[in-house]
Amino acid sequence: MHSSPDQQLEDLHEIRSLMERSSRFISLSGISGICAGAFALIGAYVAWQYLNHDYAGFLNNVLSRIPALWFLAAVASGVLLLSLVAGIFFTTRNAKRKGQNIWDNTSRNLLVNLFIPLFVGAIFCLVLLYHAPELIAPTTLIFYGLALINASKYTLTDIRYLGFFEIITGLIASITPGNGLFFWAFGFGVLHIIYGSIMYFKYER
């Protein structure tokens, strides 16, 4: 007995879905993106207040203001840690809902391709600390964007667009380095919130 055209289309859709699940990590959570953006905005505000609204002045004397440098590093580390915790929690919850393993070859490939550009960018930022500290904020945005694009082939393609916007934001920030903190807040804060909201309404509702 031959199946109907509708049944054939449904079978093709199911096969495509299975293939996508086996080759792409599709459980990234939009809520985790919103949380990461919120943490970044809070961190940027704390840094702005600590520097007495004089980010440009801080850039001119970075190496002579070691306590401030350590404070900003601690704030950035806190933002990263909270974002990772939120990402792991909400992504794990999303994976369980979809019946997908949180740790398999696909998720490993995703993380490897994500962290290689991030690691290189972190090393490069240490070099910039001694030669061009005003370019650190733009550089973090650019390398983060490259990391997202590099990892996008193992997850939802939407993340590629976020990567492009992060790179564009970083390039614009490099033209006006004295405003790097604002662009950093926009890239890691506002763009993440927009991206996370789109992902949530598109895939999780």
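The values are calculated or read from the model by the stated rules, or taken from the named source; none is laboratory data. Every value quoted in this text rests on a predicted model; they were computed, and no experiment measured them. Note: ideal-geometry Cβ built from the backbone for every residue, glycine included; neighbour counts use all protein chains shown. SASA here: full protein model, heavy atoms, side chains in, ligands and nucleic acids out. Shrake-Rupley method; radii C 1.70, N 1.55, O 1.52, S 1.80 Å.
At a 1.4 Å probe, what is the % contribution of carbon and sulfur to the accessible area of the chain? Carbon plus sulfur share of accessible area: 69 percent.
In plain terms, the chain from LEU111 to ILE88 could stretch by 7.1 nm, reckoned as 0.36 nm per residue minus the Cα-Cα distance.
Give me the extension gain from ARG205 to VAL46: residue separation times 0.36 nm, minus the current Cα-Cα distance, reported in nm with one decimal.
Values: separation 159, 0.36 × 159 = 57.24 nm, distance 3.28 nm.
Once the chain is fully extended between ARG205 and VAL46, it gains 54.0 nm.
Its Cα centre serving as origin, the range 48-205 has a Cβ charge dipole (Lys and Arg +1, Asp and Glu -1) of approximately 660 debye.
Ranking TYR50, ASN113, THR91 by Cα position along the charge dipole of the chain, where only Lys, Arg, Asp and Glu carry charges on their C-beta atoms, puts THR91 farthest toward the positive end.
Two tests apply to each whole DSSP H helix in the chain, Cα reach of 24 Å or more along its axis and mean Kyte-Doolittle hydropathy of at least 0.5, and the ones passing both are 30-50, 66-98, 105-131, 158-175. Summarising the amide proton neighbourhood of THR155: residues at separation of 5 or more, or on other chains, whose placed amide H is nearer than 5 Å comprise PHE25. Averaging the Cα positions of each part gives two centres, and for the range 98-116 and the range 46-87 these lie 30 Å apart.
Under the 0.36 nm per residue contour assumption, what length would be gained going from the current alpha-carbon distance of LEU171 and ALA132 to full extension? Don't skip to the end; give the middle numbers.
Numbers: separation 39, 0.36 × 39 = 14.04 nm, distance 1.50 nm.
Gain in length upon complete extension: 12.5 nm.
Recomputing Rg and Dmax of the Cα atoms in Å from the coordinates shown identifies the correct label among (1) 19.8, 81; (2) 19.0, 66; (3) 30.0, 105 as (1).
Classified by the C-alpha gyration tensor, the range 102-205 has an oblate form. Its axis ratio a/c, with a ≥ b ≥ c, is 1.5 or above, and a/b does not exceed b/c.
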